[in-house]
Amino acid sequence: MANNHDEDTEWNDILRAKGIIPQKEGQITEADIIDMIDDAIAKRDDKNYERKTVDELDELLDDDNEEEERVLQEYRQQRLDSIKQQMSEDKFGEIQHIYKTDFVREVSEASKDVWVVVYLYKEYLPICKLMGAHLATVAAKHKSTKFLKIIGDQCIPNYPDHNLPTLLIYGDGDMKTQLVGAAQLGGMNMKPADIEAYLRRVGAIKLPESKSSKSEEVKQSSIRSSAVAALSDDDEYESDDY
């Protein structure tokens, strides 16, 4: 007896799953759902909501349908929250000169709330001039970290010039580490990136926030898994009805 490929039998389901016989017309498979989800994600990404300013999102609110308006409102709120957070964190941005009498307030006390980098120097030393210029670049880029500078022997009495430049790294109200001299950073060949890498290693500056392709892939995989799980639940409910 010939097998009817249109019948809903366990054997036909196996054959369809392996691609031996075609899917029933109008039947939606898990692969179809994944394709639809991928298409929806691609359409969302094409709109580049995450790259738009608050004003641009406001303009789009007048043109989109109810569902897209909800998405736009979410992105708009996210951008506003991000701006507020950035403004609250970006307190500094330059190297402030201090004196020994300022040390407890500006360093020990301040480091209970933020990371503090203290730069000990002498202006006449070429290596200090180089590090000072590079630190200014790093400070302008990482505005949530407090950068201070103080003349070496004014901070520590009789501190030898051959130990300069020196970096004192403070966090949680205590000194976490120190860097004496610039040899580890490349000496007279050091670049701002060398200082930045060192400060990252010790935790004094944050890693730049970015959405890697891996994290996006994990997020999309999670969406797909949820949708497939929902489909499986629906299938169970339908099976229970018969």
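Shape verdict for segment 125-191, please, from the Cα gyration tensor: rounded (a/c under 1.5), prolate (a/b greater than b/c) or oblate. Write out the running numbers ahead of the final one.
Values: a/c = 1.64, a/b = 1.05, b/c = 1.56.
Since a/c reaches 1.5 but b/c is at least a/b, the shape of segment 125-191 is classed as oblate.
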Label point 7 Å beyond Cα of GLN184 along Cβ direction - residues of segment 124-157 with amide nitrogen under 11 Å = none
ask   = Can you run phi through the Karplus equation (6.51, -1.76, 1.60; θ = phi - 60°) for segment 140-150 and list ³J(HN,Hα) in whole Hz, with x for Gly and Pro?
value = 5, 8, 10, 7, 8, 9, 8, 10, 10, 9, 8
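Rounded, prolate or oblate: which fits segment 81-206, taking a ≥ b ≥ c as square roots of the Cα gyration tensor eigenvalues, rounded meaning a/c under 1.5, else prolate when a/b beats b/c? Don't jump to the answer; show the numbers that get you there.
Working: a/c = 1.89, a/b = 1.32, b/c = 1.43.
It is oblate, given that a/c is not under 1.5 and a/b is not larger than b/c.
A 24 angstrom limit on the alpha carbon distance is what I want to check against. Which of LYS122/LYS206; LYS100/LYS141; LYS100/LYS129; LYS112/LYS143; LYS112/LYS191; LYS100/LYS206 exceed it? Spell out each step's value before the answer.
Values: LYS122/LYS206 28 Å; LYS100/LYS141 26 Å; LYS100/LYS129 21 Å; LYS112/LYS143 17 Å; LYS112/LYS191 29 Å; LYS100/LYS206 28 Å.
Long pairs (Cα-Cα over 24 Å): LYS122/LYS206; LYS100/LYS141; LYS112/LYS191; LYS100/LYS206.
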Segment 122-203, dipole about Cα centre (Lys/Arg Cβ +1, Asp/Glu Cβ -1), debye to the nearest 20 = 320
task = Rank by packing, highest mean first: peptides 142-151, 109-118, 186-195, with packing defined as the count of other Cβ atoms within 10 Å averaged across residues.
result = 142-151, 109-118, 186-195
key: Probe 1.4 Å - accessible area at GLU94, Å² to nearest ten   = 130
request  = Run the 1.4 Å probe and let me know the accessible area of THR177, rounded to the nearest 10 Å².
outcome  = 40
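The values are calculated or read from the model by the stated rules, or taken from the named source; none is laboratory data. This structure is a prediction, so every number in the text was calculated from the model and none was measured. Because the Cβ atoms are built from the backbone with ideal geometry, glycine has one as well, and the counts that use them run over all protein chains shown. When the accessible area is computed, the model is the full protein with side chains, heavy atoms only, and any ligands, DNA or RNA have been set aside. Shrake-Rupley method; radii C 1.70, N 1.55, O 1.52, S 1.80 Å.
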